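Readers should treat all values here as calculations from the given coordinates under stated rules, not as data from a laboratory. What you see is a predicted model, and the numbers here were worked out from it, not measured in a lab. Counting neighbours? That spans all protein chains shown, and the Cβs are built from the backbone with ideal geometry, glycine included.
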Amino acid sequence: MFSSLLFLTYITVSQAENPSHDSCKKPSISWDALSMDKLVMNIDSYELCAKTCKDTNKQYYENNCNYFTWNDGNHQYFRNSCALFKSPGDEQECQNCMSGAASCFCASPFACQDTGDNVAFVHTDTESWSKCEEHCNINFGCSSFTWFTEDHPYRHLCILYKECSHSEVDTTCSGCCSGVRSKKSPCSQSQYKELSSAHRSVHAEGGKNRDRSYIRDVGGLKSADWRAMVWYRFTGEAGTKMAEQFPGWDNCGTTWPGYLAVDNDSNKYNDYKLSLPTQEEGEKEMTVCFAR
């Protein structure tokens with residue numbers, strides 16, 4: 001855990017209940033008919049064609065429709081029809097038609113914008129919107145994010161933002177899907193407890209304190225500020241962070257003190273497990289050693 005926790009309060013965009021997908025529309029564009037997988041008749045709107053494509057994926061539990069073309073009521077050969085494509089061929093012009101990509105029809109089809117100091121981190125090669133959401137949830141500085149779909153020039157980029165207000169979004173972006181943090185940060189004040197007892201300091205003498213929900217050792221004492229398996233922040237007389245080297249026997253209010261396994265030269269050896277997490281990394285599993 002970081003030596004000091006960040007308290008973040010931001011104005012963020014929310015996912016629209018009825019989002020506009022106008023930026024997804026590609027008028028007078030379709031694909032080679034040889035790559036068409038299915039043509040569905042009696043589809044009287046672009047929106048219904050998009051829904052037909054997405055429902056096909058739900059029906060077969062896989063992406064059988066990635067692109068679609070709606071042919072309107074004035075089409076010369078097949079009026080009010082919906083052409084479904086899994087892997088489209090060459091792009092071609094068409095009349096009385098409008099196309100789109102299934103991935104563009106997300107809950108928030110817009111992009112947050114860089115205002116100069118609101119970008120928290122950028123992840124490349126992020127294969128899905130949900131993976132981008134995961135990146136945001138473990139980044140302590142992230143409140144909102146934008147993921148670029150397969151059809152965007154910045155495809156599979158995931159940009160994490162510290163803030164993204166309604167005045168800072170691009171609603172014309174085709175292939176942009178945004179979202180907000182869906183899991184509270186452990187750095188939010190309501191999400192952690194405090195370890196503040198003076199006996200936790202490396203300068204304190206030994207004792208019988210134990211950080212356990214129950215004590216099996218005869219004569220052991222459960223630490224007064226211990227509240228089971230939750231997030232903690234070191235504060236007050238306990239110091240600002242967990243010890244990063246062996247503090248010695250009979251110290252820190254106990255017989256066998258614990259310390260975080262950290263090597264300040266670990267970056268030189270690319271040892272990920274021995275380096276403290278950065279703000280961009282967020283939550284990270286590390287090793288705690290107990291001298292015994």
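Tabulated results
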{"read-out": "Contour excess over end-to-end distance, with Cα ends at V119 and N57 and 0.36 nm allotted per residue", "value": "19.0 nm"}
{"read-out": "Reachable lysines, given that their alpha-carbon falls under 16 Å from the alpha-carbon of K208 and they are not under 8 places away in the same chain", "value": "K222"}
{"read-out": "Mean projection area, nm², convex hull over Cα of region 228-267", "value": "4.0 nm²"}
{"read-out": "Proximal lysines to K26, defined as alpha-carbon separation beneath 30 angstrom and excluding residues fewer than eight positions away on the same chain", "value": "K38, K51, K54, K58, K86, K131"}
{"read-out": "Low-density loop cleavage sites - chymotrypsin sites (Phe, Trp or Tyr not before Pro) in region 76-106, where at most 15 other Cβ are within 10 Å (DSSP)", "value": "Y77, F78"}
{"read-out": "Size of region 93-243 as Cα extents on the principal axes (Å, biggest first)", "value": "85, 33, 23"}
